[in-house]
Amino acid sequence: MKRTPVFSRHTALGGRMVDFATWELPVQYSGIIAEHEAVRTAAGLFDVSHMGEIAIRGAGALDLVQHLVTGDVAKLRDRQVLYSMLCYEDGGVVDDLLVYRHSATDFLLVVNASNTDKDFAWIRGHASSDTEVANVSASFAQLALQGPRAQDILQQLTHFPLAAIPFFCFEPQVSLSNTSVLISRTGYTGEDGFEIYLASDDAPTLWDAILHAGQAYGIVPAGLGARDTLRFEAGLPLYGHELDQDISPLEANLGPFVKLKKQATFLGQRALQIQSETGIPRELVGISMTDRGIPRPGCAVMKGHVKVGHITSGTYSPTRKENLGLALVVRSSIGVGEELSVIVRGKPLLAQRITLPFYSKRYRSNKGT
């Protein structure tokens, strides 16, 4: 298994290490619920250096990214970030990703760890001769500081006014604890926070500095377990669960991130346009368990004796104190508040559909306030 540059810090802090997408990463330190609650109330520091980074540069960079992603990159300003998706021609999803625009000739795409090699091959296969596509993942470490005290903590380590970075924007050369980093106001938890990209060799020292600066604010190191429960409550998709090669962005309720009318055509556009016009066959819904039991991915969702879908993600919600699930079901088959059942370990358990997201996101406005 591969290890991030911060691996020694995880073991020293008592992190319980697991195999995740060929990486040895901490699933928890003090406990998933404790880490989850710390992020909701104070701050949590995550090592996400396993994520993939792909650089696209050259005269054809803008045209290539526009052709690949469902969002409208032409409307991005320099130093803005875009959440988007790569799609196959049939509308299924290759991956979801973040697009960082340095300029019209220089983009950084941040992709899921398990998909990095696949994404790199897909992107390079569509590039023209005037565009360079490079897998630069080995050059980067990535730390994510998330929670309502994230800015207070990081501000102690830099003279740069972090409040000046709007939501989904970045600064490419900020000195953070005497380390040059790219820092963006982005995250995967539903809370305010930052994602920090830096040279691999500098990551352990910065990890230590952030934890030290955050001691008075209640910071904790947080693992994969809390990262998943946090994103789940906020309704943020996980590739391989809410998104996949046989699940379209429209079915995953991600229509706002699919710009069917942008001037440039993109891969999968025709299939998604047809799906939009003729009717989206499935939808992602929220489920709350009435009976005791946790709805696990793959569990059948039943309306009466008819299977209408399956669970994509399910867990105990530390914030709501109930067992919840995300389910991909036949569109309009279950109304909000309507009773249904989930087959858990061969047994039908009562549940009902509830509104999404389970937790209201607490992002900062685009004015940085």
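The values are calculated or read from the model by the stated rules, or taken from the named source; none is laboratory data. These numbers were taken from a predicted model, which means no experiment stands behind them. Cβ sites come from the backbone with ideal geometry, for glycine too, and all protein chains shown count toward neighbours.
Within the range 184-207, the set of residues being out of contact with any Pro (no Cβ under 6 Å at 6 or more places or on another chain), surrounded by 20 or more Cβ atoms within 10 Å (Cβ to Cβ) and of a type in the set (A, V, I, L, M, F, W, C) comprises F194, I196, L198, L206, W207.
Only strands (runs of 3 or more DSSP E) whose full extent lies in the range 297-367 are considered here, and the ones with at least 2 residues that are without any contact (Cβ under 8 Å) to a residue 40 or more places away in the chain and farther than 25 Å from V39 by Cα are 306-317. From the list V181, V94, V136, V99, the lone residue that is touching a residue at least 40 places away in the same chain (Cβ under 8 Å), buried (at least 20 other Cβ atoms within 10 Å of the Cβ) and of a type in the set (A, V, I, L, M) is V94. Suppose the filter is outside any strand (DSSP E or B), modelled with pLDDT of 95 or more and within 26 Å of A252 (Cα to Cα); does R227 pass it? For R227, the condition - outside any strand (DSSP E or B), modelled with pLDDT of 95 or more and within 26 Å of A252 (Cα to Cα) - is met. Here V336 meets the list (1) aliphatic (A, V, I, L, M); (2) in contact with a Leu (Cβ under 7 Å, 6 or more places away or on another chain); (3) surrounded by fewer than 20 Cβ atoms within 10 Å (Cβ to Cβ) almost entirely, failing just condition (2).
In this entry, E283 passes the filter for residues that are at pLDDT 95 or above, under 25 Å from the mean Cα position of the chain (by Cα), of a type in the set (D, E) and under 19 Å from P237 (Cβ atoms).
Within the range 67-90, residues that are within 18 Å of A164 (Cα to Cα) sit with their Cβ atoms under 8 Å from residues that are polar (S, T, N, Q), at 6+ positions apart or across chains, in these pairs: D78/S103; V81/S184; V81/T186. Among the residues here, L254 does not qualify as touching a Gly at 6+ places or on another chain (Cβ under 8 Å) and either surrounded by 20 or more Cβ atoms within 10 Å (Cβ to Cβ) or at pLDDT below 95 (or both). The C-beta contact set for the range 148-172 (first residue among the polar types (S, T, N, Q), second residue part of a helix (DSSP H, G or I), distance under 6 angstrom, 6+ apart or interchain) comprises Q151/L162; Q155/L162; Q156/A213. For the range 258-280, indicate whether the set of residues that are touching a residue at least 12 places away in the same chain (Cβ under 8 Å), surrounded by fewer than 19 Cβ atoms within 10 Å (Cβ to Cβ) and under 22 Å from F358 (Cα atoms) is non-empty. Looking through the range 258-280, none of the residues is touching a residue at least 12 places away in the same chain (Cβ under 8 Å), surrounded by fewer than 19 Cβ atoms within 10 Å (Cβ to Cβ) and under 22 Å from F358 (Cα atoms). Of the helices (runs of 4 or more DSSP H) lying entirely inside the range 1-93, the ones with 3 or more residues being more than 22 Å from the chain's Cα centre (by Cα) are found at 7-12, 61-68.
Scan the range 23-43 and tell me whether some residue there is touching a helix residue (DSSP H, G or I) at 6+ places or on another chain (Cβ under 6 Å), of a type in the set (D, E), crowded, with 20+ Cβ neighbours inside 10 Å and over 30 Å from F266 (Cβ atoms). Yes, the range 23-43 has at least one match. Of the residues in the range 85-97, none is in contact with an Asp or Glu (Cβ under 8 Å, 6 or more places away or on another chain), among the aromatic types (F, W, Y) and either within 24 Å of E242 (Cβ to Cβ) or modelled with pLDDT of 95 or more (or both). Note on the range 283-296: among residues that are in contact with an Asp or Glu (Cβ under 8 Å, 6 or more places away or on another chain) and either surrounded by fewer than 20 Cβ atoms within 10 Å (Cβ to Cβ) or free of Cβ contacts under 8 Å to residues at least 60 places away in the same chain (or both), the one that is farthest from D246 (Cα to Cα) is T290.
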